[in-house]
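Q: After the structure tokens below, expect a handful of questions from me.
Laboratory data are not the source of any read-out in this text; all were calculated from the coordinates shown. Keep in mind that what you see is a predicted model, and the values were worked out from it rather than measured. Cβ placement follows ideal geometry from the backbone for every residue including glycine, while neighbour counts extend to all protein chains displayed.
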Amino acid sequence: MCGIFGITGSKNASRLAYVGLFTLQHRGQESAGMVTDDDGRLLCRSSMGLVSEIFTKEELDKLKGRSAIGHVRYSTTGSSDIKNAQPLFFNSSLGALAVAHNGNLTNAAKLRAALQKTGAIFQSTTDSEIIIHLMARHRGKNLEDTIAKNLLRLEGAYSFLFMAPGKVIAARDPYGFRPLALGKLGPSYILSSETCAIDVVGGHTVRELAPGEMVIIVKGRLRFK
């Protein structure tokens, strides 16, 4: 389960993300979170509980920015704990980076053990954090290249949303086990676990991301990988 939702290029990003997450609440009611990009500064809010309880008007006012990614969690891997609420946020050698994940990695225990042997310190018990530690150790020529080469190390089911300053990246596993749809609302692009959330915020579905496909969104432009 779990649900992910993202929107780029909207002055109402946090509020639209709230509506999207509320629509996806049936996919996970344990915790919810959101990260927004306020001119290159990533702002975060996550908590245990329901979307409507966490994201009050006051909280949404704090989540400024024209892009947002969010997550509702149903725990399949990792304990029911605030440290496992997503999106996970990191300040690292890659810069500020947030990640939201829907799926289960079947080689998570093996990868975690190998990373810990090389000094990785995990902040959570969810398998979603593994991709960040892999990326810190195996770099590519840019962020999307780093993500792509490390996704190849993962086995199992996943749809990911990544946010870095000025950039949102989405990726789907090679077998398409977990859904991820691309939508449009005026000049804004939407990414969602279910097309119903795209409809509810007033957008229209463009298409499903293909198995193994990645989309990079920067300044209102799409690039597929």
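Q: Which of Thr118, Thr36, Thr106 ends up with the largest GNM mean-square fluctuation for the chain, with Cα atoms connected below 10 Å?
A: Comparing Thr118, Thr36, Thr106 in a Gaussian network model of the chain, the most mobile one is Thr118.
Q: Most mobile of Asn150, Asn104, Asn142 per a Gaussian network model of the chain (Cα springs, under 10 Å)?
A: Asn142
Q: Rounded, prolate or oblate: pick one for segment 103-215, where a ≥ b ≥ c are the square roots of the eigenvalues of its C-alpha gyration tensor, a/c under 1.5 means rounded, and failing that, prolate if a/b is larger than b/c, else oblate.
A: In terms of gyration-tensor shape, prolate.
Q: Two-decimal Rg/Rh of segment 1-127 from alpha-carbon positions, Kirkwood Rh?
A: In segment 1-127, Rg relative to Rh is 0.99.
Q: Let me ask something else. Quick check for me: using +1 on Lys/Arg Cβ and -1 on Asp/Glu Cβ, what's the dipole size of the chain about its Cα centre, in debye to the nearest 20?
A: With only Lys, Arg, Asp and Glu charged at Cβ, the dipole is about 680 debye.
Q: For segment 68-225, how many pairs of lysine residues have a Cα-Cα distance under 30 Å, where the two are 8 or more positions apart or belong to different chains?
A: 23
Q: Separate question: Obtain the nm distance between the two label points defined at Met48 and Gln29 by a simple spin-label model: each point lies 7 Å from its Cα along the Cα-to-C-beta direction.
A: 1.6
Q: Same structure again: Can you tally the net charge around Leu180? Count Lys and Arg as +1, Asp and Glu as -1, for every other residue whose Cβ sits under 11 Å from the Cβ of Leu180.
A: Result for the local shell: -1.
Q: Further question on the same structure: Determine the sum of side-chain charges near Thr205: Lys and Arg each +1, Asp and Glu each -1, restricted to other residues whose C-beta is under 13 angstrom from that of Thr205.
A: That sum, taken over residues with Cβ under 13 Å, equals -1.
Q: For the chain, modelled as a GNM with alpha-carbon contacts under 10 angstrom, which of Arg73, Arg137, Arg178 fluctuates the most?
A: Between Arg73, Arg137, Arg178, it is Arg137 that shows the largest mean-square fluctuation.
Q: Now a separate question. For segment 51-197, what is the relative contact order in percent, using Cα pairs closer than 8 Å and at least 6 residues apart in sequence?
A: Taking the mean separation of contacting Cα pairs over the length of segment 51-197, I get 20 percent.
Q: Another question about this same structure. Using the Cα centre of segment 13-79 as the reference point, and only Cβ charges (+1 on K/R, -1 on D/E), how large is the resulting charge dipole? Debye, rounded to the nearest 20.
A: I would put it at about 100 debye.
Q: Can you give the Rg and Dmax of segment 154-225 based on its C-alpha atoms, in angstrom?
A: Just the Cα atoms of segment 154-225 yield Rg and Dmax of 11.8, 36 Å.
Q: Tell me, what ³J(HN,Hα) does each residue in segment 180-197 have, in order and in whole Hz, if you take phi through Karplus 6.51 cos²θ - 1.76 cosθ + 1.60 with θ = phi - 60° and put x for Gly and Pro?
A: 7, 10, 9, x, 9, 9, x, x, 8, 10, 10, 10, 8, 5, 9, 5, 4, 5
Q: How high is the FRET efficiency from Arg207 to Asp145, r the C-beta distance, R0 30 Å, rounded to 0.05?
A: The value I calculate is 0.80.
Q: For segment 92-97, just list the computed ³J(HN,Hα) in residue order, Karplus coefficients 6.51, -1.76 and 1.60, θ = phi - 60°, integers in Hz, with x standing in for Gly and Pro.
A: Per-residue couplings from phi come out as 9, 5, 7, x, 5, 8 Hz.
Q: Could you give P(r) for the chain, binned at 10 Å from zero, as whole percent values over all Cα-Cα pairs?
A: 9, 38, 40, 13, 1
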